[in-house]
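Accompanying notes for the structure given below.
The values are calculated or read from the model by the stated rules, or taken from the named source; none is laboratory data. Computed from a predicted structure; not experimentally measured. When we count neighbours, we look across all protein chains shown, and the Cβ atoms used for this are built from the backbone with ideal geometry, even at glycine. Remember, those area values only see protein heavy atoms, side chains included, never the ligands or the DNA or RNA. Shrake-Rupley method; radii C 1.70, N 1.55, O 1.52, S 1.80 Å.
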Amino acid sequence: MVFTAGDDVLNRSHKIGWWRPGLDVLGVASIQRRTEGATMSEDTETKSLSNVVRIDEEQTREYLGKIVRGSVEETLNALLDAEADRLCNAARYERTEARCDTRAGSYERGLHTRAGEVRLKVPKLRRQTFETAIIERYRRRETSVEEALIEMYLAGVSVRRVEDITQALWGTRVSPSTLNQRIYKHIEAWRNRPIEGCHPYVFLDGVVLKRSWAGEVRNVSVLIAIGVNAEGFREILGICEGAKEDKAGWSGFLAHLKARGLTGVELITSDACLGLVESVGEFYPEARWQRCVVHFYRNVFSHVPAPKVREAARMLKAIHASEDLATAKAKAGEVVSKLRAQKLGKAADLVAQSVEETLTYYHFPEEHWRRIRTNNPLGADHSRDPPANPGGGRFPDGESALNLAAARLRHIAGTHWSTRRYLNMQPLHEQN
């Protein structure tokens, strides 16, 4: 049983014999008021203490940041002084015969670090130029900060947005020209890197972007090559600008790939671009050519009325669902007859003339058929995300279009896209 304060009063009053009617009510009420008052006073005291012991997280973070920046600044300046003493072969104000140089003051410069901007006092010497191993001459940002900015751009963030981010983080803006120079240097080195190993499967495609040229908006083609190496992993082999997708553009691109070391090519998959087949035969005569099935379907659909596109698609897919090359050719003949019966003469002629170009993949292992008959190895997620100008509209020149497209591909190549095995190449090795 649980007793309250009122129960205790009643029990004691009965024992001593002075209890009267009504005393229990008054006594209990008085004790309850005193108890409630004590509780309220304790709550008030607790609230007042909580108001006194309040921690401002923002001010604390800012204070800690100042401490860290001060420590970084003090440490770097101490290191610079120590290096100046080493070059002079004597400490500051030290008189010794071993001294080989004297100081001539110092100059201030800023450096952006992960802890924020710090001010450095760089020593000056009278007889020699002060070259420090601690920080590169003319560098204004810590290497890790600079790399982070470059990675933001390569991930698709525009230069304008990078400026806003640096303003929010460090209170200063990055010069667009400086950022572009460093980014373009990284991209150019990546575009011209040597191609190592054999790549049995190569996929070629072109992306058309808009650029400004002599006050007009023109189309510019960006040519892309993706390969599957001997271990079955995908790689971005190359990207370059072509005025248009013609023989000259493709020949220059294939020559660029060959000069960088692209070898072991057995199958090249692409659209039926003008001059591409001739260029492939010129630079890789031993490789077979596969016309992209998806692009072929679109070419046929351009000669089919909209109400009959679905039926035509079913007929074309039946060709490439055949179990072998002979069956596929026989099925293609049936499709041509059906198209002619439906008065679709142009579509029937296109299928009859070009369908064998889409059947080259039958010469390779069956396990690879589905993935080598189209030139879309980037995957559905990335194919719907073509390189675009973050600022919107058109690119100022062809170099900007090329660099942003290359930056996007370089970012994709650094994800799980290139580390996940695309094909099991053992069947191809056994076939060869």
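Look at the range 362-386: where a residue is under 18 Å from Asp324 (Cβ atoms) and at pLDDT 95 or above, no partner that is hydroxyl-bearing (Ser, Thr, Tyr) and in a loop (DSSP other than H, G, I, E, B) sits 6+ places away or on another chain with Cβ atoms under 6 Å. The listed residues are Phe253, Phe296, and the only one of them that is part of a helix (DSSP H, G or I) and touching a residue at least 60 places away in the same chain (Cβ under 8 Å) turns out to be Phe296.
Any residue that is without any contact (Cβ under 8 Å) to a residue 60 or more places away in the chain, in contact with a Gly (Cβ under 7 Å, 6 or more places away or on another chain), open to solvent by 20 Å² or more (accessible area, probe 1.4 Å) and not in a loop (DSSP other than H, G, I, E, B) - is there at least one of those in the range 226-238? No, every residue in the range 226-238 fails to be without any contact (Cβ under 8 Å) to a residue 60 or more places away in the chain, in contact with a Gly (Cβ under 7 Å, 6 or more places away or on another chain), open to solvent by 20 Å² or more (accessible area, probe 1.4 Å) and not in a loop (DSSP other than H, G, I, E, B).
Have a look at Phe301, Phe296 and point out the one that is under 37 Å from the mean Cα position of the chain (by Cα), surrounded by fewer than 18 Cβ atoms within 10 Å (Cβ to Cβ) and of a type outside the set (Val, Ile, Thr). I'd like the intermediate steps shown before the answer.
On the way: Phe296 fails: surrounded by fewer than 18 Cβ atoms within 10 Å (Cβ to Cβ).
Matching residue, one of Phe301, Phe296: Phe301.
If you go through the range 304-323 and pick out every residue that is outside any helix (DSSP H, G or I) and either open to solvent by less than 60 Å² (accessible area, probe 1.4 Å) or of a type outside the set (A, V, I, L, M, F, W, C) (or both), you end up with 4.
Here's the yes/no breakdown for (1) closer than 20 Å to Pro200 by Cβ; (2) at pLDDT below 95:
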{"site": "Ala243", "(1), (2)": "no, yes"}
{"site": "Gly249", "(1), (2)": "no, yes"}
{"site": "Ile268", "(1), (2)": "yes, no"}
{"site": "Val277", "(1), (2)": "yes, yes"}
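From the list Ala148, Ala90, Ala98, Ala133, the one residue that fits, being open to solvent by 40 Å² or more (accessible area, probe 1.4 Å), modelled with pLDDT of 65 or more and not charged (D, E, K, R), is Ala98.
Does the range 256-265 include one or more residues that are polar (S, T, N, Q), in contact (Cβ under 8 Å) with a residue 24 or more places away in the chain, assigned to a strand (DSSP E or B) and surrounded by fewer than 19 Cβ atoms within 10 Å (Cβ to Cβ)? Full working, then the answer.
To start, the set of residues in the range 256-265 that are polar (S, T, N, Q) comprises 263.
Checking the rest, the ones that are also in contact (Cβ under 8 Å) with a residue 24 or more places away in the chain come to 263.
Keeping just the survivors that are assigned to a strand (DSSP E or B) gives 263.
Filter once more, keeping what is surrounded by fewer than 19 Cβ atoms within 10 Å (Cβ to Cβ): 263.
Checked against the condition, which is being polar (S, T, N, Q), in contact (Cβ under 8 Å) with a residue 24 or more places away in the chain, assigned to a strand (DSSP E or B) and surrounded by fewer than 19 Cβ atoms within 10 Å (Cβ to Cβ), the range 256-265 yields at least one hit.
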